[in-house]
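S.K.: Have a look at this one.
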Amino acid sequence: MRAKWSVVLTALAIAGGCGPAMAQAEPGRYGGGFIEYLMTGDAQGPGRRPAVDGYGALGGPRPVALAQPRARFAALPTSPAPEDVAIARTVDPRYARQVVAYDGPGRAGQIVIDTNAKYLYLIQPGGQAIRYGIGVGRPGFVWTGAKTITAKREWPDWTPPAEMLRRRPDLPRHMTGGPENPLGARAMYLGTSLYRIHGTNEPHTIGQNVSSGCIRMMNEDVIDLYERTPVGTRVEVI
């Protein structure tokens, strides 16, 4: 113990007499830790990771992240706000995007939406389809028929239609696009109707009857579909 304190006191004496020249000492020269701090003001030394999320980082265990994983979206607008959005993926695994065998209606490149099963299929060649989990209309708002994608928008604004405002006068008259917008990261407009395939800021609603007729998708899924489907794509809702 005497030897240990002797080393410390010696280091203090050296540090006190170094003046400005000691401030230029090479980081890590003294092995890190307390002596490194006395000599250079930097306890990390070489190879030490920097502090993360406000926690010290002297080589101890990394603090456990409490936040949900964040999804980075491709092809975002220049505004930084929606670029890094936390998404809580508390969704039934059966609604995860996957490639499946497909022998239903339609042909490659078309979209088929099964409102009962809560799946959207983007048909691929060779008897396959990319299957996405969706949320669909509430009872009384489910519909069927064929439409065409007539427009596409990234981080779309939302203007509730008059019919919806009559049912929900508490809704805003207009919302600009962004992570808080109910239309989510992308929207594909179906013909001249009020219906859209769009993202959602409520991913836990996927697999449920929740909307006023629009087809909801998780933001990362609607971005994937958006990149694969041009304007003019046929959409059949069954």
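S.K.: Specify whether the C-alpha gyration tensor of region 86-184 places it in the rounded, prolate or oblate class, a ≥ b ≥ c being the square roots of the eigenvalues: rounded for a/c under 1.5, otherwise prolate if a/b is larger than b/c and oblate if not.
M.R.: Prolate, since a/c reaches 1.5 and a/b exceeds b/c.
S.K.: To continue, here is another question. Given a 1.4 angstrom probe, what's the average accessible area per residue across region 103-238, in square angstrom?
M.R.: 44 Å²
S.K.: Determine the share of region 101-238's accessible area contributed by carbon and sulfur atoms, expressed in whole percent, with a 1.4 angstrom probe.
M.R.: About 49 percent, which is the carbon plus sulfur part of the accessible surface.
S.K.: Related question: When the Karplus curve 6.51 cos²θ - 1.76 cosθ + 1.60 is applied with θ = phi - 60°, which whole-Hz ³J(HN,Hα) does each residue of region 112-121 get, with x for Gly and Pro?
M.R.: Once θ is set to phi - 60°, the couplings for region 112-121 become 10, 10, 9, 6, 5, 7, 6, 10, 10, 10 Hz.
S.K.: At a Förster radius of 45 Å, what calculated FRET efficiency corresponds to the Cβ-Cβ distance of VAL100 and ARG168, to the nearest 0.05?
M.R.: 0.80
S.K.: Using modelled backbone amide H atoms (1.01 Å from N, in-plane), which distant-in-sequence or interchain residues come within less than 5 Å of SER211's amide H?
M.R.: Under 5 Å from the amide H of SER211: VAL136, GLY137, ARG138.
S.K.: Shape verdict for region 131-216, please, from the Cα gyration tensor: rounded (a/c under 1.5), prolate (a/b greater than b/c) or oblate.
M.R.: rounded
S.K.: Next question. Starting from the amide H of ASP157, placed 1.01 Å from N in the peptide plane, find each other amide H under 5 Å away whose residue is 5 or more places distant or on another chain.
M.R.: Those lying under 5 Å, H to H, from ASP157 are GLY177.
S.K.: Something else about it: Sorting check: for 158-165, 204-211, which peptide has the highest mean count of neighbouring beta carbons within 10 Å, and how do the rest follow?
M.R.: So the order, starting with the most tightly packed, is 204-211, 158-165.
S.K.: If you place +1 on the Cβ of every Lys and Arg, -1 on the Cβ of every Asp and Glu, and leave all else neutral, what size is the dipole of region 88-238 about its Cα centre, to the nearest 20 Debye?
M.R.: 260 debye
S.K.: Please report the accessible area of LYS152 (heavy atoms, 1.4 Å probe, ligands and nucleic acids excluded) in Å², nearest 10.
M.R.: 50 Å²
S.K.: In whole Å, what is the distance between the alpha-carbon centres of region 122-143 and region 194-208?
M.R.: 12 Å
S.K.: Give the accessible area for ARG168 in Å² (nearest 10); use a 1.4 Å probe, count only protein heavy atoms, and leave out ligands, DNA and RNA.
M.R.: 110 Å²
S.K.: Whole-Hz ³J(HN,Hα) for each residue in region 156-162, computed from phi via Karplus 6.51 cos²θ - 1.76 cosθ + 1.60 with θ = phi - 60°, x for glycine and proline: what do you get?
M.R.: x, 5, 10, 10, x, x, 4
S.K.: Provide, in order from the shortest bin, the percent of all Cα-Cα pairs of region 172-214 in each 5 Å bin, continuing until the bin that contains the maximum pair distance.
M.R.: Calculated over all Cα pairs of region 172-214, the distribution is 5, 20, 28, 29, 15, 3 percent.
The values are calculated or read from the model by the stated rules, or taken from the named source; none is laboratory data. Source: prediction; values computed, not measured. Methodologically, a virtual Cβ is constructed for each residue, glycine included, from the backbone with ideal geometry; neighbour enumeration extends over all protein chains shown. When the accessible area is computed, the model is the full protein with side chains, heavy atoms only, and any ligands, DNA or RNA have been set aside. Shrake-Rupley method; radii C 1.70, N 1.55, O 1.52, S 1.80 Å.
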